[in-house]
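Comments concern the structure below.
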Amino acid sequence: MPSPNRRGPRPLSEILGDLFAARGYGRVLAHRELQEAWDAAVGEPARRQTRLGEVRRGVLSVDVAHPALLEELAAFRKSELLAAIRAGAPGTTIHDIRFRIGPVAPGPDEADEATPSGTPTRARRGRRKPGPARPS
């Protein structure tokens, strides 16, 4: 049995394994794999209205933009989503999915174009400009 304090050359796989563990690359890669599996499982319209949280004790937390989508995912598609995630991300053990209403920020490729003032165009749509007070 080799000594942990041995001198001499070490296999590159051992060195890289230690580096990945120390830097947390394994968790980053696992989260990316999980995100890709989720995106494929949930589909395009719902993908933009959900955000993956963390996995604790095998339970994946997912923030959902509105109650109707939460109900659809939790009541009708949960078992389908679990099966797809397990197949798409075998490195992460998922036993359950917990959905909750929460903020869902768009990704960088999905953000609205900003106007010169820096305000997103969607946020400005439908708002009236303040004008003079109307007589009662």
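Somewhere in region 65-84, is a residue crowded, with 16+ Cβ neighbours inside 10 Å and in contact with a Leu (Cβ under 8 Å, 6 or more places away or on another chain)?
yes
Looking only at region 3-30, count every residue that is basic (Lys, Arg), outside any helix (DSSP H, G or I) and either modelled with pLDDT under 75 or surrounded by fewer than 10 Cβ atoms within 10 Å (Cβ to Cβ) (or both) and tell me the total.
Residues flagged as basic (Lys, Arg), outside any helix (DSSP H, G or I) and either modelled with pLDDT under 75 or surrounded by fewer than 10 Cβ atoms within 10 Å (Cβ to Cβ) (or both) within region 3-30 amount to 2.
The values are calculated or read from the model by the stated rules, or taken from the named source; none is laboratory data. Since we're looking at a predicted model, the values are computed, not measured. Don't worry about glycine lacking a Cβ; one is built from the backbone with ideal geometry, like all the others, and counts go over all protein chains shown.
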